[in-house]
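Visitor: Mind looking over this structure? Questions follow.
Values in this text are rule-based calculations from the coordinates and carry no lab data. Please read all numbers here as calculations on a predicted model, not as lab measurements. Neighbour counts are summed over all protein chains in view; Cβ atoms, including those assigned to glycine, are modelled from backbone coordinates with ideal geometry.
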Amino acid sequence: MTLLITVFAAIICTIFWYRRTDDTMKLGIPCLMFWGASIMWLVDAIFEYAELKAAYFTPAPRDMLNDAFLGLSVVALGLTVWLIILLIKDPKGSVRAILKKQSK
């Protein structure tokens, strides 16, 4: 489940990145994070399949729910890191303008 969620997030993010003509929103950052997480979960799935064999395809519902929460947590953390990077880099100057307005 974690693999599916991160792959879907990576694909969606890549589509948005590919359709943008400028890089003001730094969409390459979450793309790389989600594709990296997808590769990590793929390697994990390969090793888990090597260990469990056919039992890999019949997980318990509790394990699936835990994996889904973990996948959603990874996506949420990736989006949070991307948001923090955007706030620090401030590509459109929005935060800078608000801070200047408040300091007057």
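Visitor: Among residues other than Val95 whose Cβ falls under 13 Å from its Cβ, what is the net charge (Lys/Arg +1, Asp/Glu -1)?
Guide: +4
Visitor: Oh, and also: Can you tally the net charge around Thr6? Count Lys and Arg as +1, Asp and Glu as -1, for every other residue whose Cβ sits under 12 Å from the Cβ of Thr6.
Guide: Taking every other residue near Thr6 into account, the sum is -2.
Visitor: For the chain, take every pair of Cα atoms, bin their distances at 5 Å starting from 0, and report each bin as a whole percent.
Guide: Taking all Cα pairs of the chain, the binned fractions are 2, 12, 17, 18, 14, 11, 9, 7, 5, 3, 2, 1, 0, 0 percent.
Visitor: If you don't mind, another one. Please report, in debye to the nearest 20, how large the charge dipole of the chain is about its Cα centre when each Lys and Arg carries +1 at its beta carbon and each Asp and Glu carries -1 there.
Guide: 920
Visitor: Can you count the Lys pairs in the chain whose Cα atoms are under 26 Å apart, with each pair 8 or more apart or on different chains?
Guide: Counting lysine pairs in the chain gives 10.
Visitor: Where does the charge balance sit around Ile29 when Lys and Arg score +1, Asp and Glu -1, over other residues with C-beta under 12 Å from its C-beta?
Guide: The answer is +1.
Visitor: Helix 61-89 versus the longest principal axis of the chain: what is the Cα-based angle in degrees, 0 to 90, to the nearest 10?
Guide: 20
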